[in-house]
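What follows is one structure encoded as structure tokens, with my remarks underneath.
The values are calculated or read from the model by the stated rules, or taken from the named source; none is laboratory data. Only a predicted model underlies this, so the values are computations on that prediction, with no experimental measurement involved. So basically every Cβ, Gly included, is an ideal-geometry build from the backbone, and we count neighbours across all protein chains shown. Heavy atoms of the whole protein, side chains included, go into the accessibility calculation; ligands, DNA and RNA do not. Shrake-Rupley method; radii C 1.70, N 1.55, O 1.52, S 1.80 Å.
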Amino acid sequence: MMKIMTCFACFCVVASALATAARAEDPPIPRPTAEHKILAAEEGTWDATIKSFEAGPESAPTVSKGVEVNTVMAGGLWVASSFKGDFGGMTFEGRGQYGYDPYKKKYVGTWVDSMSPSLIVLEGTYDAATKTLSYAGDGVCPIDNSKLGMRMVTVAKEDGRRVFTLYATGTPTGGKEAKMMEIEYTKRK
């Protein structure tokens, strides 16, 4: 009996040591970085004033209202965005997810909305000096289904507001980049 107890005790010590060694080899759990915290600052409910430039940036914009709700999720690694608004009497709804990919060293995101059947995949950078987050991606023009290059620029203002500008390049813009929309966001208290 003593021999069995000694063998069992040895087995427990070896099993415990192997389990500890296995845990030491587990990959580290991702933690939010300074880049993720920049995105997390957009958490909350934001009232939006939308200026659409359907006839070009030189024309008078169509002005409408909307609301964006941003939620930090997945341990602080991602921000989920939900936008609802009105564009020229049409209901508009969009959803996005944004994060920072430390392997690519780029901000990344996706966007879908009620005006396009295509997923937009985005990559971007942040300029700390100007507090500007810029993304680029390709979408589909809702008018003729042609490829539409998109550049999305968000500038954080000192008073807590932020201004988003959407630029597009494609067939409807004559192949030149054109300002399509500007949204001024004010965070609710």
Against the condition among the hydroxyl-bearing types (Ser, Thr, Tyr), at pLDDT 90 or above, under 30 Å from PRO30 (Cβ atoms) and not in a loop (DSSP other than H, G, I, E, B), how does TYR98 come out, does it pass? yes
So the check is Cβ under 6 Å with 6+ separation or different chains; which pairs have a first residue in region 171-189 that's more than 14 Å from CYS141 (Cα to Cα) and a second one that's assigned to a strand (DSSP E or B) and open to solvent by 70 Å² or more (accessible area, probe 1.4 Å)? GLU182/LYS51
How many residues are within 20 Å of the chain's Cα centre (by Cα) and open to solvent by less than 30 Å² (accessible area, probe 1.4 Å) when one looks only at region 167-177? 1
Answer from MET90, MET180 - the residue that is among the hydrophobic types (A, V, I, L, M, F, W, C) and loosely packed, with under 15 Cβ neighbours inside 10 Å: MET90
Just to be sure before I move on: is LYS104 open to solvent by 70 Å² or more (accessible area, probe 1.4 Å) and closer than 17 Å to PHE164 by Cα in the structure I sent? no
Sort out which residues of region 136-173 are part of a strand (DSSP E or B), basic (Lys, Arg) and closer than 26 Å to GLU43 by Cα, and write them in order of number. ARG151, ARG162
Whichever residue in region 32-83 is among the charged types (D, E, K, R) and under 15 Å from THR186 (Cα atoms) and, among such residues, is least open to solvent (accessible area, probe 1.4 Å): GLU68
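Do the conditions hold for SER116, that is, is it modelled with pLDDT of 95 or more and either surrounded by 16 or more Cβ atoms within 10 Å (Cβ to Cβ) or among the charged types (D, E, K, R) (or both)?
In short, no.
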Could you tell me whether GLY149 is at pLDDT 95 or above, out of contact with any Lys or Arg (no Cβ under 8 Å at 6 or more places or on another chain) and not acidic (Asp, Glu)? no
